[in-house]
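Asker: Here it is: the structure, laid out below.
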Amino acid sequence: MVRDRFEDAPAGRAKALPFEFVLDALGPVEPVTKPMFGCTAVYVGEKIVMILRDKGDADSGVWIATTAEHHDALRPVLPSMRSVGVLGEGVTGWQNLPDDSDDFEEAALRACALVRARDPRIGKVPKKKKPAAPKVTAATAAKKTAAKKPTVKNTTAKKTSVRSATKPARGR
């Protein structure tokens, strides 16, 4: 069963997942989906394995999370695989199985079989996000500034000498 991190969203806000057959094929490894940049990221365990993108352009399809070192080994299994254009020129780690290719569904299902087999060529563990720095409001900044001001000693207070405090006054 596919778990969607946002499955409890209010009615009308949930979008249809693109290429649901991919999630059905990944069912045995319990994929989790998360929205990402207007697409659907697919995770298996801690690894992101795919992104499902249906924007009606050249980069629509199933994006495979891999690295350049694995491209040559994956190409015989996924011949329509190519770099993702929106990620910049040249070879990218993410590879696309374009939805307009003749073998799109077959290639996507072969990629799913590799994920189910825990093939090390597919999947990336995302880098941990650094915690966001706390936001500083004007009130918080004013408090911090006030706390840093040096304290001024009261020099006008009457000093009591040790002698007068310990010995009785003369003439009494």
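The values are calculated or read from the model by the stated rules, or taken from the named source; none is laboratory data. Remember, predicted model here, so these are calculated numbers, not experimental data. All Cβ positions, glycine included, derive from the backbone under ideal geometry; neighbour counts span all protein chains shown.
Asker: Out of all the residues in the range 53-88, which are among the small types (G, A, S) and in a helix (DSSP H, G or I)? Before the answer, list the steps.
Answerer: To start, the set of residues in the range 53-88 that are among the small types (G, A, S) comprises 56, 58, 60-61, 65, 68, 73, 80, 83, 85, 88.
Of everything in the range 53-88, those that are among the small types (G, A, S) and in a helix (DSSP H, G or I) turn out to be A68, A73, G85.
Asker: Only one of these conditions is not met by I48: (1) closer than 25 Å to K127 by Cβ; (2) assigned to a loop (DSSP other than H, G, I, E, B); (3) of a type in the set (A, V, I, L, M, F, W, C); (4) modelled with pLDDT of 90 or more. Which number is it?
Answerer: The single condition I48 does not satisfy is (2).
Asker: Can you confirm whether V42 is in contact with a Pro (Cβ under 8 Å, 6 or more places away or on another chain), within 23 Å of K128 (Cβ to Cβ), among the hydrophobic types (A, V, I, L, M, F, W, C) and at pLDDT 90 or above? Spell out how you get there, then give the answer.
Answerer: Numbers: in contact with a Pro (Cβ under 8 Å, 6 or more places away or on another chain): yes; within 23 Å of K128 (Cβ to Cβ): yes; among the hydrophobic types (A, V, I, L, M, F, W, C): yes; at pLDDT 90 or above: yes.
Yes, satisfied.
Asker: Can you tell me how many residues within the range 101-123 are surrounded by 15 or more Cβ atoms within 10 Å (Cβ to Cβ), out of contact with any Lys or Arg (no Cβ under 8 Å at 6 or more places or on another chain) and closer than 12 Å to M81 by Cβ?
Answerer: Number of matching residues: 8.
Asker: Further, regarding this structure: Quick check on the range 32-52: of everything there that is surrounded by 15 or more Cβ atoms within 10 Å (Cβ to Cβ) and in contact (Cβ under 8 Å) with a residue 40 or more places away in the chain, which residue is farthest from A107 (Cα to Cα)?
Answerer: Per the stated criteria, the residue is K47.
So that you can scan it fast, the table gives a plain yes or no per residue for (1) more than 22 Å from G27 (Cβ to Cβ); (2) assigned to a helix (DSSP H, G or I):
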| position | (1), (2) |
| --- | --- |
| V91 | yes, no |
| N96 | yes, no |
| S101 | yes, no |
| A111 | no, yes |
| L114 | no, yes |
| P120 | no, no |
| P131 | yes, no |
